[in-house]
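Written below as structure tokens is the structure these notes are about.
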Amino acid sequence: MYQATNPKAPPMTQAEFDRARQIYFERCAGCHGVLRKGATGKPLTPDITQSKGTDYLKVFIAYGSPAGMPNWQTSGDFDEKTVDLMARYIQHDAPTPPEFGLAQMKQSWKVLIPPEKRPTRKMNGYNIANIFSTTLRDTGEVALIDGDTKQVINIVKTGYAVHISRLSASGRYLFVIGRDAKINMIDLWMAQPDNVAEIRVGLEARSVDTSKYKGFEDKYAIAGSYWPPQYTIMNGDTLEPLKIVSTRGNTVDTQDYHPEPRVASIVASHFKPEFVVNVKETGKTLLVDYSNIDALKVTEIGTARFLHDGGLDASKRYFMVAANQSNKIAAVDLKEGKLTKLIDVGKIPHPGRGANFTHPQYGPVWATGHLGDETISLIGTDPVKHAKYAFRQVAQIKGQGGGNLFIKSHPKSSHLYVDTTLNPDPKLSQSVAVFDTRALDKGYQVLPIAQWAGLPDDGGAKRVVQPEFNRAGDEVWFSVWSAKDKASALVVVDDKTLKLKAVIKDPRLITPTGHFNVHNTQHDVY
Ligand code: DHE
């Protein structure tokens, strides 16, 4: 039996405990925290879970909730036994994983092709700016897809349950981070683009970006870890780890010490040689000046707790980041280095990088959808010509339902696409809502993306996730995401006509989720 440190926890064998610990780490820690103190998901410390009891917890794990808790059993991810296992496990004290410092990073670091052996010019005929990097979540790979021909260029091996892709300032290198904190650096100039360097920066991570300021293009990469809670600055063409900085510290409001303040989104400023590092549990946005990393200057801006994802406004001056359990968006001024405003929005904002468009009345706005309700909040972002609307929620429009993950527009488009990936109703999770940004009050049109994919009726969840525009801004890509053993596809929609343009099917496209167009990601176009 497992020697429980908590006498009231239900019994488990050592083998059960080890299996549950692994499952928790892979499936649950992202939302609830390694130490289970809660963030996107509720806290699950034994004082709370034991009072609920195993039966209650089992129902919650099996069926999920409209506020974003996945339905682990009914989706087919967990069987009944696993649900029971996890319900018992979370009533035990959370084990603390080991630290991960420079020595471990160096051990994992591989330069597969050193810079001097890499091509000196582009060696392929691809229109690199229109390549898409699509996350294949459960295979630990990304698919590089030619946006012009819709053909798969290469399937590149990466870390476990890849999270995001980001580009170097030049657009040549693609950086991919796995949940296991493995970073892969892919050279898009190679005849067949592939990995040239890799490293692990911790045990769990979600974010990576590169230096974008003039004079520092392609010089540094940065990755934020969930565990250990820290960020690491690396050499931009080899991934050699240069500087590791812990984010442990005190929360913005109660100023209590937090042992696990995880690094959520990171973005590179275009205004200064700075990385914008958002620390979830302490609710702090750090502006990390990389102009001299031996004398690192960090501006600590108190924002709000449980920072998650966010993006730049159209001028790129303001970083708009969701504090998702505070139901707020923090607008951080990257030119002045200060918090401009905390803005109240709907329940659990989840913008991805958000969507920028010009509203007929309010001028430039940045928009976010919500996990916890059906609204889309519009925030004015032009303090010069539209001062009275700036950094306020100027409108709240109604979408299909809660469970929204991503929302997208493009400077050349007059459409706003809103997914409802995590809504428990398959009708909603398998379709997207499209608004005309010139007439938002007219409501939305529903596109049946999963149906358009024409996949076999194999019981797959076929969740539609993450609208992403191509380079030209005239087509929008979606993933139709089913479990590992079920068929998935990508669906491409013509932005003008809102008609189906192409379906990309390939047996290698297993569990596609996020996708990142090279040009739009490189230049923060969204
Ligand atoms: Fe994500 C972005 C964390 C679950 C797909 N996700 C992010 C970012 C963070 C984050 C911190 C911002 C990175 C940045 O911009 O630097 N995501 C988490 C979690 O902690 C969470 C809730 C649970 C977990 O265990 O990981 C989680 N995310 C998911 C998924 O289940 C998704 C839908 C599918 C998948 O591939 O895992 C998913 N997350 C994405 C995508 C982005 C993202 C596609 C990038 C959005 C963008 O437009 O930049």
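The values are calculated or read from the model by the stated rules, or taken from the named source; none is laboratory data. Fair warning: this is a prediction, and the values are worked out from it, not measured in the lab. Positions of Cβ are generated from backbone atoms using ideal geometry, with glycine treated the same way; all protein chains shown enter the neighbour counts. Side chains included, ligands, DNA and RNA excluded: accessible areas come from the protein's heavy atoms. Shrake-Rupley method; radii C 1.70, N 1.55, O 1.52, S 1.80 Å.
On average over all directions, what projected area in square nanometres does the chain have, based on the convex hull of its Cα atoms?
Details: hull surface 92.3 nm².
Value for the chain: 23.1 nm².
Per residue, how big is the convex hull around the C-alpha atoms of the stretch 115-225? Give it to me in cubic angstrom, could you?
On the way: hull volume 10.3 nm³, N = 111.
Per residue, the Cα convex hull of the stretch 115-225 comes to 93 Å³.
Using a 1.4 Å probe and counting only protein heavy atoms, arrange 260, 240 so the residue with the most accessible area comes first.
Ranking 260, 240 by accessible area, largest first, yields 240, 260.
Could you state the accessible area per residue of the stretch 412-526 in Å², with a 1.4 Å probe and every protein chain left in place?
Numbers: 4460 Å² over 115 residues.
About 39 Å² of surface per residue is accessible.
Determine how large the accessible area of residue 157 is when every protein chain is in place; take a 1.4 Å probe and give Å² rounded to the nearest 10.
130
When the accessible area of the chain is split by element with a 1.4 Å probe, what percent falls to carbon and sulfur?
On the way: 10100 of 20080 Å².
Carbon and sulfur: 50 percent of the exposed surface of the chain.
Working with all protein chains in place, sort 449, 128 by solvent-accessible area computed with a 1.4 Å probe, largest first. Intermediate values should be presented prior to the final figure.
Working: 449 0, 128 20 Å².
Highest to lowest solvent-accessible surface, that is 128, 449.
Put a dot 7 Å past each Cα toward the Cβ at residue 472 and residue 14; how far apart are the dots in nm?
According to this spin-label approximation, the distance is 6.3 nm.
Can you give the net charge of the other residues whose Cβ lies under 14 Å from the Cβ of residue 249, counting K and R as +1 and D and E as -1? Present the calculation step by step, with values, prior to reporting the outcome.
Numbers: positive: 248, 262, 280, 284, 305; negative: 253, 256, 260, 281, 300.
Net of charged neighbours comes to 0.
Rounded to whole Å and sorted largest first, list the principal axis extents of the Cα atoms in the stretch 266-409.
Principal extents (Cα only, largest first): 50, 34, 22 Å.
If I ignore ligands, DNA and RNA and count only protein heavy atoms, how much of residue 113 is accessible to a 1.4 Å probe, in Å² to the nearest 10?
Approximately 50 Å² for this residue.
Using only DSSP helix segments of four residues or longer, with each worth -39500 (n - 2.57), what per-residue ellipticity at 222 nm results for the chain after dividing by its residue count and rounding to 500?
That calculation yields -3000 deg cm²/dmol at 222 nm.
Once you place label points 7 Å from the Cα toward the Cβ at residue 445 and residue 257, how far apart are they in nm?
Result for the modelled spin labels: 5.8 nm.
How large is the Rg to Rh ratio of the stretch 282-345 when both quantities use alpha carbon positions and Rh follows Kirkwood? The partial results should precede the final answer.
Details: Rg = 12.1 Å, Rh = 12.1 Å.
Here Rg/Rh amounts to 1.00.
Report, in whole Å, the centroid distance computed from the Cα atoms of the stretch 187-250 and the stretch 443-500.
That distance is 31 Å.
Please compute the length gained on full extension between residue 494 and residue 81, using 0.36 nm multiplied by the number of residues separating them and subtracting their Cα-Cα distance. Mind dumping the intermediate values first?
Values: separation 413, 0.36 × 413 = 148.68 nm, distance 4.45 nm.
Taking 0.36 nm per residue and subtracting the Cα distance, the gain is 144.2 nm.
For the pair residue 485 and residue 248, how long in nm is the line joining their label points, each one 7 Å along Cα→Cβ?
Between residue 485 and residue 248, the simple spin-label model gives 4.2 nm.
When the solvent-accessible surface of protein heavy atoms is calculated with a 1.4 angstrom probe, in what order do 227, 72, 109 fall, highest first? Each step should come with its number before you reach the end.
On the way: 227 5, 72 30, 109 70 Å².
Heavy-atom accessible area, descending, gives 109, 72, 227.
Expressed as a whole number of Å, what is the distance separating the alpha-carbon centroids of the stretch 418-441 and the stretch 270-301?
Spelled out, the Cα-based centre of one part sits 35 Å from the other.
Rolling a 1.4 angstrom probe over the protein heavy atoms, how many square angstrom per residue are accessible across the stretch 2-107? Mind dumping the intermediate values first?
Details: 5500 Å² over 106 residues.
About 52 Å² of surface per residue is accessible.
Kindly provide the pair-distance distribution of the stretch 14-96 built from C-alpha pairs, with 5 Å bins from 0 and whole-percent values in order of increasing distance.
3, 16, 28, 32, 18, 3, 0
Which value, in Å², gives the accessible area per residue of the stretch 137-259 when a 1.4 Å probe is used on the protein heavy atoms? Working shown, then result.
Numbers: 3650 Å² over 123 residues.
That works out to 30 Å² for each residue.
Based on alpha-carbon atoms only, what is the radius of gyration of the stretch 233-277 relative to the globular estimate 2.2 N^0.38 Å?
Working: Rg = 13.7 Å, N = 45, 2.2 N^0.38 = 9.3 Å.
Here the answer is 1.46, to two decimals.
With an 8 Å Cα cut-off and a minimum separation of 6 or more residues, compute the relative contact order for the chain in percent. Can you show the working numbers first?
On the way: 1483 pairs, mean separation 50.7, N = 526.
Worked out over the chain, it gives 10 percent.
Calculate, in nm to one decimal, what residue 59 and residue 315 gain on full extension: separation in residues at 0.36 nm each, minus their alpha carbon distance. Before the final figure, lay out each step's value.
Details: separation 256, 0.36 × 256 = 92.16 nm, distance 4.62 nm.
Net length gain for the segment: 87.5 nm.
Would you list the P(r) distribution for the stretch 362-505, with all Cα-Cα distances sorted into 10 Å bins from 0 and each bin expressed as a whole %?
Each 10 Å bin holds this share of Cα pairs: 13, 40, 33, 11, 3, 0.
Taking 0.36 nm per residue of sequence separation and subtracting the Cα-Cα distance, how much length would be gained by fully extending the chain between residue 214 and residue 191, in nm to one decimal? Present the calculation step by step, with values, prior to reporting the outcome.
Numbers: separation 23, 0.36 × 23 = 8.28 nm, distance 2.84 nm.
Roughly 5.4 nm would be gained on extension.
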